[in-house]
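Structure first, commentary second.
Read-outs: derived from the displayed coordinates by stated rules, not from any lab. Being a predicted model, the structure only gives us computed values, none of them experimental. Please note: Cβ atoms are built from the backbone with ideal geometry, for glycine as well, and neighbour counts cover all protein chains shown.
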């Protein structure tokens, strides 16, 4: 990670943890240069990165200020930005979270999955289906595929806990980013049973390809969320 990225990540974590809240002014460039022992150019690049991520805004002649963020978005900053990439367990830390493993197999990927994961159909992936339960309410069914060669050592007990924790803490890999598409779809009979849905209830589908810091895609997943219990926030930057 480059110096300006580390500084941006440090400030991002400070915002997420409430050190700087909506409307607060960040330290002046001169003070941050002294604190991080870097040039103004490096600080400017870090600020530009936070601006592009929709977290802060620059006011000419005044400084850099934290933008207004709702609590739900603030909790999820580390999911969509920065080096630390949280999963379901970390996002809902403090809540009662359970995971029911519905499927755990090793297979060859389809052509479509192989393309998304930049691998061969002759290689192997974990084929995982999990039901995530929050405060005794079934919330999402996750369909996940990961290359075994890239993410070794996944076991049943890891699936019941956190795969991302295994990736970052055990394998010492850095999760960088994810590309997502959100759409409304029809639920299957299995999902209606697991999520306690009626046949005509809609669900929200999140299709995702996640990447490590070296650019390798390590996860292709499709998550089906209960529409009555889920919402997704986005910030658009011009």
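List of remarks:
- Two-site label geometry, residue 34 and residue 112: point separation in nm, points 7 Å out along Cα→Cβ: 5.7 nm
- Proxy reagent accessibility, fewest Cβ within 10 Å first, across 222, 43: 222, 43
- Helix 40-52 axis, angle to the chain major axis (alpha carbon atoms, nearest 10°): 40 degrees
- At 1.002 mPa s and 20 °C, Stokes diffusion of the range 3-70 via Kirkwood alpha-carbon radius, µm² per second: 181 µm²/s
- Principal axis box of the chain, alpha-carbon based, largest edge first, Å: 59, 39, 32
- Normalised Debye scattering of the range 99-238 at q = 0.18 Å⁻¹ gives log10 I(q)/I(0) of -1.13, counting only Cα atoms as equal scatterers and leaving out solvent.
- Among 123, 111, a tally of other beta-carbon atoms within 10 Å of each Cβ gives an order, fewest to most, of 111, 123.
- Full extension of the segment from residue 100 to residue 232, taken as 0.36 nm per residue of separation minus the current Cα-Cα distance, would add 45.2 nm.
- Residue order, fewest to most beta carbons within 10 Å, for 29, 105: 105, 29
- Separation between Cα centres of the range 122-189 and the range 196-219, rounded to whole Å: 9 Å
- Mean residue ellipticity (222 nm) of the chain, computed from DSSP H runs ≥ 4 via -39,500 (n - 2.57), nearest 500: -7000 deg cm²/dmol
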